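One structure is given here, and the rest of the page talks about it.
The values are calculated or read from the model by the stated rules, or taken from the named source; none is laboratory data. In this text the structure is predicted, and so the values were computed from the model without any measurement. Ideal geometry is used to build each Cβ from the backbone, glycine not excepted, and the neighbour counts take in all protein chains shown. In case anyone asks, the SASA skips ligands and DNA or RNA and just uses the protein heavy atoms, side chains included. Shrake-Rupley method; radii C 1.70, N 1.55, O 1.52, S 1.80 Å.
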Amino acid sequence: MGHKALSGRENWETESGKKAQNAEQNLIKAFEKHFENTDYEIIDHPTQLKNLYSQVQLSPEEIKQIYNPDIDISKKEWGVSPDFAIKNKKSGKILFGEIKRQDGWVEGKEPSAGRGNAHERLCKLFTPGLLKTYKAISHIDEPFFLPFWVVFQGDITRDPKRVREITYWFDVYRGNYFFWRPNMTDLDLIEFFEKWIKRHLD
C-alpha cells in the first residue's frame, strides 16, 4: 500500500473512530438520563474482562513452542473491553454491550461500501470461552438470551446484505441486537431495552 493510500486510510480510520466514539457517548447519555432514580446504571467501558487472556495458563509443552518474553504476563491487560454495560444494582445482573458503527450499501453507494468488518469482530462474543465467562460475570444464563447486547449504527443498519447476515447470525436471539437506524431517536433505543432486555436483568 503506497503512502497516499496509507494516508487516506489513516484519515478514514480517524474519522470512523470519531463517529464510533460519538455513537458510544450518545448511547451512554441516553441511558444515564433514563436510569435516573432507578435500580439501573450504565457503565462506560467496564473493566471486569480487561485481564482475561493474560490469566490463561498454557501447558509446559505449549510454552516451549511460543515466544516467552521476559515480562510478567499476568499483569498485562490482554482481554476484552466492552463499550458499555447495563447493571441492575438490586439483582446484581449485568449485561455487557458493544456498539458497532459501520458503513453500508445504501442509496447512492456501491455494494463495496459495505466492506467493513466491524460487525464481524463481534463474533468473538459467540466463542465458547468468552460466552462462558460473560455468563459467569453477568449472572445471565438462560435459553434464548445471551449475556451481551450489540447496537449497530450507521449505514450498515440499512444494508440489504449485512442486515440479513446479522439477523441470520443471531437467529432466535432477537433481544441481543438492535439496528439503531439514522431515522431513529433515543426513544427507540430505550423502548427496545424495555421490551426485549430489561426483564432479563431483574
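Out of the residues in region 62-84 meeting the condition of being among the hydroxyl-bearing types (Ser, Thr, Tyr) and open to solvent by 60 Å² or more (accessible area, probe 1.4 Å), tell me which one is nearest to Asn51 (Cα to Cα).
Ser81
When the residues of region 8-44 are narrowed to those that are open to solvent by less than 100 Å² (accessible area, probe 1.4 Å), more than 18 Å from Phe96 (Cα to Cα) and modelled with pLDDT of 55 or more, which ends up farthest from the chain's Cα centre (by Cα)? Checking each candidate, the answer is Thr38. Within region 141-154, the residues that satisfy the criterion of being surrounded by 17 or more Cβ atoms within 10 Å (Cβ to Cβ) and part of a loop (DSSP other than H, G, I, E, B) are Leu146, Pro147, Gly154. Scanning region 155-172 for residues that are in contact with a Phe, Trp or Tyr (Cβ under 9 Å, 6 or more places away or on another chain), of a type outside the set (A, V, I, L, M, F, W, C) and either on the phi > 0 side of the Ramachandran plot or loosely packed, with under 15 Cβ neighbours inside 10 Å (or both) returns Pro160, Lys161, Thr167.
If the condition is being assigned to a loop (DSSP other than H, G, I, E, B), of a type in the set (Val, Ile, Thr) and surrounded by 17 or more Cβ atoms within 10 Å (Cβ to Cβ), then region 112-136 contributes no residue at all.
Inspect all residues belonging to region 50-61 and state whether any of them is within 30 Å of Ile190 (Cβ to Cβ), open to solvent by 30 Å² or more (accessible area, probe 1.4 Å), basic (Lys, Arg) and part of a loop (DSSP other than H, G, I, E, B). Yes, there is a match, as at least one residue in region 50-61 is within 30 Å of Ile190 (Cβ to Cβ), open to solvent by 30 Å² or more (accessible area, probe 1.4 Å), basic (Lys, Arg) and part of a loop (DSSP other than H, G, I, E, B). Scan region 173-193 for residues that are in a helix (DSSP H, G or I) and open to solvent by less than 70 Å² (accessible area, probe 1.4 Å) and the total you get is 7.
Set side by side, the residues Lys109, Lys100 differ, and just one is in a loop (DSSP other than H, G, I, E, B), charged (D, E, K, R) and in contact (Cβ under 8 Å) with a residue 24 or more places away in the chain, which is Lys109. Please verify whether Ile197 is closer than 24 Å to Gln25 by Cβ and either open to solvent by less than 10 Å² (accessible area, probe 1.4 Å) or basic (Lys, Arg) (or both), treating the condition exactly as stated. Taking the combined requirement at face value, the residue satisfies it.
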